[in-house]
1. Return the total of residues in the range 288-298 being surrounded by 11 or more Cβ atoms within 10 Å (Cβ to Cβ) and either at pLDDT below 95 or touching a Gly at 6+ places or on another chain (Cβ under 7 Å) (or both).
2. If the Cβ limit is 7 Å and pairs must be 6+ apart or interchain, which residue in the range 278-296 that is farther than 27 Å from Asn328 by Cα pairs with which residue that is surrounded by fewer than 20 Cβ atoms within 10 Å (Cβ to Cβ) and small (Gly, Ala, Ser)?
3. Looking at Asp171, Asp195, which one is of a type in the set (D, E, K, R), assigned to a loop (DSSP other than H, G, I, E, B) and open to solvent by 60 Å² or more (accessible area, probe 1.4 Å)?
4. Please state which of the following conditions Arg252 fails to meet, knowing it meets all the rest: (1) of a type outside the set (Gly, Ala, Ser); (2) without any contact (Cβ under 8 Å) to a residue 40 or more places away in the chain; (3) within 30 Å of Asp78 (Cβ to Cβ).
5. Do you know which residues across the range 302-317 are outside any helix (DSSP H, G or I) and open to solvent by 70 Å² or more (accessible area, probe 1.4 Å)?
6. Looking at Gln81 and the list (1) in contact with a strand residue (DSSP E or B) (Cβ under 9 Å, 6 or more places away or on another chain); (2) within 20 Å of Asn158 (Cβ to Cβ); (3) surrounded by fewer than 19 Cβ atoms within 10 Å (Cβ to Cβ); (4) of a type outside the set (Lys, Arg), which single condition is not satisfied?
7. Please identify the pairs in which a residue from the range 49-62 that is under 16 Å from Ser95 (Cβ atoms) has its Cβ atom under 8 Å from the Cβ atom of a residue that is among the polar types (S, T, N, Q) and assigned to a strand (DSSP E or B), counting only partners at least 6 apart or on another chain.
8. Any residue in the range 301-329 that's of a type in the set (Ser, Thr, Tyr): show its pairings with residues that are assigned to a loop (DSSP other than H, G, I, E, B) and surrounded by 12 or more Cβ atoms within 10 Å (Cβ to Cβ) at Cβ separation under 7 Å, as long as the two are six or more apart or on different chains.
Amino acid sequence: AYEMASADTTDSDEDVTTVPILLLNGFGVGSFHQHRLMRQLLIEQNQQSKKRYVIYGIDYLGQGKSWPKDPQDGNSADEYQLGYSADMWLDQLASFVQEVVISPATDNDDSTTTATTTSNSINNNNKVHLVGNSVGGYLATILTHKHPQLISSLTLLNATPVWGLNLPGWDGKLPAPAVPKAIGRQMFNLIRNEDVIRQYLEAAYVRGEAFDGSFEDGFDGWGCIASNADNENGAATAGGGGRGEPLGTKIRACTEGNGGHAAFASILWSAPASGISFYEALQQVPVDVLLLFGGDDPWCTEAVGKRMHVTLASRRDGEACRFVTLKNV
């Protein structure tokens, strides 16, 4: 599942450069976590001359609205030998960028696909600006290293440099053995508890309005957001205006299906991305990088961001890198 947000410009089409931006969220959420940022970026577009932002959010397989066709707690035919790993998510993201974000315009009756491919037919450099939050930052960094020809720039928002726990005794491919299955189920039930979700959000955000639903979460009147998960034929829909739904409620809703327990266990046991570590990849990314870290984040701390900045500064090819600490977020 994915979403695409865009807004019209006052310039004529032949004068406009499309700027594709892909937002990668953290663990346990979906593209809904990016709605406030999507909205802000489109507001900023109004201050840019001859540019049209096309902003994408994607749900990794096993997160949000993106699931196997018939999940049955890891026991269905669609889940057999499926491993929710970093490599699998990286393959998903690379395919998405190539086939949806920067694919050439094609004739297609699906309204969401038509909107996407038409908007990118004037994306002259066939690259995307990549923005990754938390584990999305981990994935964005490895993806940029593996596919530099697809990426214009990299922005890391409180990125985590690690993946899962890589626990021994199982490779993470479903169905799970008895012990990992039991441990994964118990831990998953704990973290999906509504009180635990609330406590996590209160620790992660300084300001309650970031997650309590008091922010504007719609696009009516000035932009549009299209989703390939809205209905069976992928018709584009516009979000309603007014207050948003609390973030905790949306996170909890992601855990209500029949595949969550198995996916969580698989992620716990799966290995990091193959072939290279986060910091090795970061040192070799051949694009400009912006590091944004919340000064009060209790997990991905400012010290983690500074280490990333030192790593980027050691690159030899002269790409720009900047480190910014954000307060009261």
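1. Within the range 288-298, the first condition is being surrounded by 11 or more Cβ atoms within 10 Å (Cβ to Cβ), and the residues that meet it are 288-297.
From what's left, either at pLDDT below 95 or touching a Gly at 6+ places or on another chain (Cβ under 7 Å) (or both): 291, 293-297.
The qualifying residues number 6.
2. That search, which allows pairs on different chains as well, returns Gln283/Ser314; Val287/Ser152; Val287/Ser153.
3. None of the others qualify; the one that does is Asp171.
4. (2)
5. Taking the range 302-317 first, the residues outside any helix (DSSP H, G or I) are 314-317.
Hits for the range 302-317 are Arg316, Asp317.
6. (2)
7. Ile58/Ser66; Asp59/Ser66; Tyr60/Ser66
8. Thr325/Gly295
The values are calculated or read from the model by the stated rules, or taken from the named source; none is laboratory data. Since this is a predicted model, take the numbers as computed values, not measurements. In this analysis, Cβ positions are derived from the backbone assuming ideal geometry, glycine residues included, and neighbour counts consider all displayed protein chains. We work out accessible area using only protein heavy atoms, side chains counted, and drop any ligands, DNA or RNA first. Shrake-Rupley method; radii C 1.70, N 1.55, O 1.52, S 1.80 Å.
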